[in-house]
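Here the structure is laid out as structure tokens; the discussion comes afterwards.
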Amino acid sequence: MIFKNSHFFKKTISYLFFIISSLNYSQEIIKIWPNEIPNRVNSNEKEIKFYSNDSTMYSYSKVQVPTLEIHLPPKKFSTGEALIIFPGGGYKNLAYEWEGISVSNFYNSKGIATFILKYRHPQSKSVKTSHLAPLQDAQRAVRIVRKNAVKWNINPNKIGVIGFS
């Protein structure tokens, strides 16, 4: 029988637990600008969350409050590496589930901590200087991850970024 070897059984159970636990959704979502959002003007524009035609994937447009969604692998399997994910959408939308959550789950299954950034777009009516908003949000996300590296079991010198368009 395959489970006669208890070491093999324990490894198999640990691996299955790791895979299942890495498929969870975010462990925490934080506002990257807890107080005043820089480069922002008041507008009546509202953030929109919408679903694909088959209702299996969701996206965002007109992001008003940038956030960082934190996905940490179990400490036992953590590599100490981190990846900040910038979902794409042609600067119109954020394909959040397809290019955020799905990518996060893949890297979490490899022991890599992931952080999905929901960032502002240049054409937003609530942005003063359009080209600066996404860059400001990206820079802030990197600073937050580095600042919390110890708390999140991350090597601050092993933080990467990945983005889509």
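For the stretch 89-105, taking the residues that are in contact with a helix residue (DSSP H, G or I) (Cβ under 9 Å, 6 or more places away or on another chain) and surrounded by fewer than 17 Cβ atoms within 10 Å (Cβ to Cβ), the one that is farthest from residue 161 (Cα to Cα) is identified as 91. Mind checking which pairs have a first residue in the stretch 64-75 that is surrounded by 20 or more Cβ atoms within 10 Å (Cβ to Cβ) and a second that is basic (Lys, Arg) and not in a strand (DSSP E or B), Cβ under 7 Å, 6 or more apart or different chains? Listed by first residue and then by second, the contacts come to 66/120. Considering only residues in the stretch 79-105 that are assigned to a strand (DSSP E or B) and of a type outside the set (Val, Ile, Thr), the one that is farthest from residue 123 (Cα to Cα) turns out to be 82. Filter the stretch 56-78 for residues that are part of a strand (DSSP E or B) and not acidic (Asp, Glu); which is nearest to residue 46 (Cα to Cα)? Ranking the qualifying residues of the stretch 56-78, first place goes to 61.
Taken as a whole, the stretch 115-135 holds at least one residue that is crowded, with 18+ Cβ neighbours inside 10 Å, part of a loop (DSSP other than H, G, I, E, B), of a type in the set (Phe, Trp, Tyr) and at pLDDT 95 or above.
If you take the residues in the stretch 51-63 that are over 17 Å from residue 119 (Cβ atoms) and at pLDDT 90 or above, which one is surrounded by the fewest Cβ atoms within 10 Å (Cβ to Cβ)? So, considering only residues that are over 17 Å from residue 119 (Cβ atoms) and at pLDDT 90 or above, the one surrounded by the fewest Cβ atoms within 10 Å (Cβ to Cβ) is 51. Regarding residue 37, is this residue within 26 Å of the chain's Cα centre (by Cα), in a strand (DSSP E or B), at pLDDT 95 or above and not hydroxyl-bearing (Ser, Thr, Tyr)? It is false that residue 37 is within 26 Å of the chain's Cα centre (by Cα), in a strand (DSSP E or B), at pLDDT 95 or above and not hydroxyl-bearing (Ser, Thr, Tyr).
The values are calculated or read from the model by the stated rules, or taken from the named source; none is laboratory data. Quick caveat: nothing in here was measured; it's all calculated off a predicted structure. Glycine gets a Cβ as well: all are built from the backbone with ideal geometry, and neighbour counts include every protein chain shown.
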